[in-house]
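Here the structure comes first, spelled out in structure tokens, and everything after it is commentary.
Laboratory data are not the source of any read-out in this text; all were calculated from the coordinates shown. As the structure is a prediction and not an experimental result, all values here were calculated from the model. No Cβ is skipped: glycine too gets one built from the backbone with ideal geometry, and neighbour counts run over all protein chains shown.
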Amino acid sequence: MLKKILITNLVFFTFFAGGWGDDESLLQVRASIVPPRLARGQEGGIELKFSAKTGITISPMPVFTIELGPSQELVFPKDFFTSSDLEMEILEEEGKEYLNLKEPVSIPFTVSLNAKRGSHRIEGWVKYFACSLEEGWCLKEKTKFSASFYTSNRIYDKK
């Protein structure tokens, strides 16, 4: 019991003292725009690949969410997505559920007809609960991500 309390205190101290930066986040998120060069009116997707630190699982509950920052160039069906929206697989070990992070997820978008020509960046963040089954703790976390893309002046022809 004392060991559990010490570990929990260490986890919270490290978190609140700023010991986990973006480089050492419990969940790494790599984002890319597919395709990276886009025309006005074209459909595409933001692809997210996840990798958790060794020994860490990501709980589907409470809600795992992906939130997107504002974008003048890309139009998304909504501002945030849950693991169930994205049909992420839920696995189980020792009676505990966690998300299967091996498969990337894709969030669809359409390029605005008013998109400005040039290079752009979309930003977002993932809110989640990271858990260590071995050490018996869970921690609410948030990891930022971003991806670059280019829009041209031409209108996409679906032919």
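Looking at the range 27-159, what % of its DSSP beta bridges pair antiparallel, to the nearest 5?
The antiparallel fraction comes to roughly 95 percent.
Quote the relative contact order of the range 22-155 in percent (integer), defining contacts as alpha-carbon pairs under 8 Å separated by 6+ residues.
37 percent
Residues with beta-carbon under 11 Å from that of Ser119, excluding Ser119: net charge, scoring Lys, Arg +1 and Asp, Glu -1?
+3
Within straight cross-link reach of Lys127, meaning Cα distance under 20 Å, which aspartates and glutamates are found once same-chain residues fewer than 8 apart are removed?
Within the straight-line limit of under 20 Å, Lys127 reaches these aspartates and glutamates: Asp22, Asp23, Glu24, Glu47, Glu67, Asp79, Asp85, Glu87, Glu89, Glu97, Glu103, Glu141.
Please list the non-local residues whose amide H lies under 5 Å from the amide H of Leu38, H modeled 1.01 Å from N, same-chain partners needing a gap of 5 or more.
Here the answer is Tyr150, Thr151, Ser152, since their amide H atoms fall under 5 Å of that of Leu38.
Whole-Hz Karplus ³J(HN,Hα) for the range 51-58, in order, using 6.51 cos²θ - 1.76 cosθ + 1.60 and θ = phi - 60°, x for Gly and Pro?
Working through the residues one at a time gives 8, 9, 4, 4, x, 10, 10, 10 Hz.
Starting from the Cα of Val34, step 7 Å along the direction of its Cβ; do the same at Lys96; then give the gap between the two resulting points in nm.
3.1 nm
Whole-Hz Karplus ³J(HN,Hα) for the range 92-100, in order, using 6.51 cos²θ - 1.76 cosθ + 1.60 and θ = phi - 60°, x for Gly and Pro?
For the range 92-100, the Karplus-derived couplings read 9, 8, 6, x, 10, 8, 8, 7, 7 Hz, x marking Gly and Pro.
Which of Lys144, Lys78 has the fewest other C-beta atoms within 10 Å, and how do the rest follow up to the most?
Taking fewest neighbouring Cβ atoms as first place, the list is Lys78, Lys144.
List Trp137, Trp125 from most exposed to least, where exposure is judged by having the fewest other Cβ atoms within 10 Å.
Trp137, Trp125
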